[in-house]
Amino acid sequence: MGEDRSQPPFRDTFCLPVHDFRHAAFHRIADWPVLSAVAACMTKAKRLDSRAVAALYARATAADRQAMDSRERAYAEAALAAYPPR
């Protein structure tokens with residue numbers, strides 16, 4: 001009468017970050033409206049690596065941050081946590 005070991009331990013998956021920036025990845029700029037606006041004057045790239053995403057979010061103004069929806073805010077916070085501004 002112990003734990004049910006026939007199923008994976010899902011209780012631990014709820015602690016995972018929403019966005020994972022630990023691995024090398026490319027992110028589509030068009031998926032994120034504020035990122036697109038900040039990047040528009042700096043690059044014509046359609047995809048950026050994780051460090052570039054964090055660097056652009058570090059340049060976001062207070063107005064930019066207010067314009068973010070909760071989904072993009074979580075994405076930006078994850079990027080900045082993975083690659084904090086210097």
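The values are calculated or read from the model by the stated rules, or taken from the named source; none is laboratory data. Keep in mind the model is a prediction, meaning the values are calculated, not measured. All Cβ positions, even for glycine, are placed from backbone atoms using ideal geometry, and neighbour counts span all protein chains on display.
A few comments on the model shown:
- Among the candidates Arg51, Arg59, Arg65, the residue that is out of contact with any strand residue (DSSP E or B) (no Cβ under 8 Å at 6 or more places or on another chain) and modelled with pLDDT under 95 is uniquely Arg51.
- The range 45-69, subset among the hydroxyl-bearing types (Ser, Thr, Tyr) and under 14 Å from the mean Cα position of the chain (by Cα), residue surrounded by the most Cβ atoms within 10 Å (Cβ to Cβ): Tyr57
- Residue match in the range 29-37 (condition: of a type in the set (D, E, K, R) and out of contact with any Phe, Trp or Tyr (no Cβ under 7 Å at 6 or more places or on another chain)): yes
- Pair list, Cβ under 6 Å, 6 or more apart: the range 60-86 residue hydroxyl-bearing (Ser, Thr, Tyr), other residue in a loop (DSSP other than H, G, I, E, B) and surrounded by 17 or more Cβ atoms within 10 Å (Cβ to Cβ): Tyr75/His19
- Of all residues in the range 29-46, those being assigned to a loop (DSSP other than H, G, I, E, B) and under 16 Å from Ala78 (Cα atoms) number 1.
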